[in-house]
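Read the structure below first, then the notes.
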Amino acid sequence: MKIVNNWYDIIQYSLLPPSCILCGNRGMQHMDLCQSCYNGLIKGGNHCYCCAKPFASDSLNLQLCGECLKNHPAFDRTYAPFVHKGAMRYLINRCKFNGAYKNSRLLGLLLTDYLATNAELPQLIIPVPLHPKRYRQRGFNQTLEIAKIIAQKLSIPIDNNCCLHVKNTPHQISLTAKQRHKNIKNAFKMIKTPKARHIAILDDVMTTGATANELAKTLKSSGVSQVDVWVCARAT
């Protein structure tokens, strides 16, 4: 049923002009989002360049948060245009748990616009892989669908096969930061070496950074020298 619904969304978008997913009004430009609802999305402020954790005050002229200074993650930089609250949380959750395919397109376009003017573009995009059991439950990998939009717009290839999610980890939602790191440890396995020195990991949201850190660690163990993280939103 999810696959059928996805095709329905694709056909509907191709035949009808964009309308706002959130309120139903006419979408702005090429997006299923109106200007008013876009203005209501909470943008990220002054934050740690490594993990995108927001600083307590916008007046702080800092680059790294205390946690990244103490224990620097395996990834090098995080790009997160929005805060994981309100409408952005709704868009991501509907995409992830309700099979709202058109949300992945909108999220991809929003992230593309931010990356095009703020990020050093990599040679390759790797969407965070799902364990096969989780993939069967959802019917699709939302990070791959978001990545497809970005890859097309920025002309960057995707590799969805070089790394597998081999550990069937429980959902991270209710876990503490310490539990998340333990839960995701050794969850990924490289099956071929990516032909890139600079890679961007693509995920929908970053909470503690545990998943991105474990995947970045796996990638760097295969010889990748720079790993950035691209997410639609950062939890606070």
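Structure data summary
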| item | result |
| --- | --- |
| The chain - mean residue ellipticity at 222 nm from DSSP helices (-39,500 (n - 2.57) per run, n ≥ 4, rounded to 500) | -12000 deg cm²/dmol |
| Karplus-derived HN-Hα couplings along the stretch 23-37 (A = 6.51, B = -1.76, C = 1.60, θ = phi - 60°), whole Hz, x at Gly and Pro | 10, x, 6, 4, x, 8, 6, 9, 10, 7, 7, 8, 4, 5, 5 |
| Hz values of 3J(HN,Hα) by residue in the stretch 189-197 - Karplus curve (6.51, -1.76, 1.60), Gly and Pro given as x | 9, 7, 10, 7, 7, x, 8, 7, 9 |
| Share, in percent, of DSSP beta bridges within the chain that are antiparallel, nearest 5 | 25 |
| Exposure of L130 as accessible area (Å², to 10), given a probe of 1.4 Å and all protein chains | 40 |
| Residues with amide H under 5 Å from that of N25, placed H, sequence gap 5 or more | C20 |
| Heavy atoms of I42 accessible to a 1.4 Å probe, total area in Å² rounded to 10 | 80 |
| Pairs from K185/K220; K53/K178; K167/K217; K53/K96; K133/K189; K53/K167 whose Cα-Cα separation, in the structure shown, is over 19 Å | K53/K96; K53/K167 |
| Span-like helix ranges in the chain, DSSP H, alpha carbon extent 15 angstrom or more, Kyte mean at least -1.0 | 2-15, 86-98, 101-118, 142-154, 210-221 |
| Computed E for S221/L154 - FRET, C-beta separation, R0 30 angstrom, nearest 0.05 | 0.70 |
| The chain: relative contact order as a whole-number percent, Cα under 8 Å and 6+ apart | 22 |
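The values are calculated or read from the model by the stated rules, or taken from the named source; none is laboratory data. Predicted model, so just to flag it, every value in this text is computed and none were measured. With ideal geometry, Cβ positions are generated from the backbone for all residues, glycine too; neighbour counts draw on all protein chains shown. These accessible areas exclude ligands, DNA and RNA; they are computed on the full protein's heavy atoms, side chains included. Shrake-Rupley method; radii C 1.70, N 1.55, O 1.52, S 1.80 Å.
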